[in-house]
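Engineer: Can you read through this structure? Questions will come right after.
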Amino acid sequence: MLLDRHGRNALPDLIDVVRAAAEDKKAEDIAVLDLDGRTIVADTFFIATGRSKVQTRAIADAIAESVREHGFAVARTEGYVDGGWILIDLGTVVVHVFTPEQRAFYNLERLWGKLSEARVESS
């Protein structure tokens with residue numbers, strides 16, 4: 001579990017930071033998949049769509065910058081040069097920023113099961 005400096009669960013805060021940064025860059029079809037207990041890869045997938053590779057890079061840049069500004073670490077980023085699917089590893093949260101075509105092709109929502117209704121928002 002990701003804890004803040006006071007020992008509280010910081011996962012909701014991290015997700016809020018990621019969501020705000022993505023929304024600021026006009027990300028679409030935002031979804032949060034709760035993977036807790038289903039994989040050792042992450043507790044949460046945050047998925048968003050950008051209309052173009054330029055926009056996916058802008059979304060990824062904004063997320064990485066905001067996460068760091070709020071005191072969280074970015075472990076690594078993959079796929080930035082291509083821009084069709086950018087993965088940002090934040091430890092307990094893995095962010096996926098897709099172009100519409102790549103999101104439809106990989107369909108992580110189908111692969112990782114039913115979304116928690118309370119944690120899904122479309123923008």
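The values are calculated or read from the model by the stated rules, or taken from the named source; none is laboratory data. Fair warning: this is a prediction, and the values are worked out from it, not measured in the lab. Just so you know, the surface numbers come from the protein's heavy atoms only, side chains and all, with ligands and any DNA or RNA stripped out. Shrake-Rupley method; radii C 1.70, N 1.55, O 1.52, S 1.80 Å.
Engineer: Using only the heavy atoms of the protein chains and a 1.4 Å probe, how would S52, S66 rank by accessible area, largest first? Before the final figure, lay out the partial values.
Structural biologist: Numbers: S52 50, S66 20 Å².
Correct descending sequence by accessible area is S52, S66.
Engineer: Rounded, prolate or oblate: which fits segment 26-73, taking a ≥ b ≥ c as square roots of the Cα gyration tensor eigenvalues, rounded meaning a/c under 1.5, else prolate when a/b beats b/c? Present the calculation step by step, with values, prior to reporting the outcome.
Structural biologist: Working: a/c = 2.73, a/b = 1.35, b/c = 2.02.
Note, shape of segment 26-73 comes out oblate.
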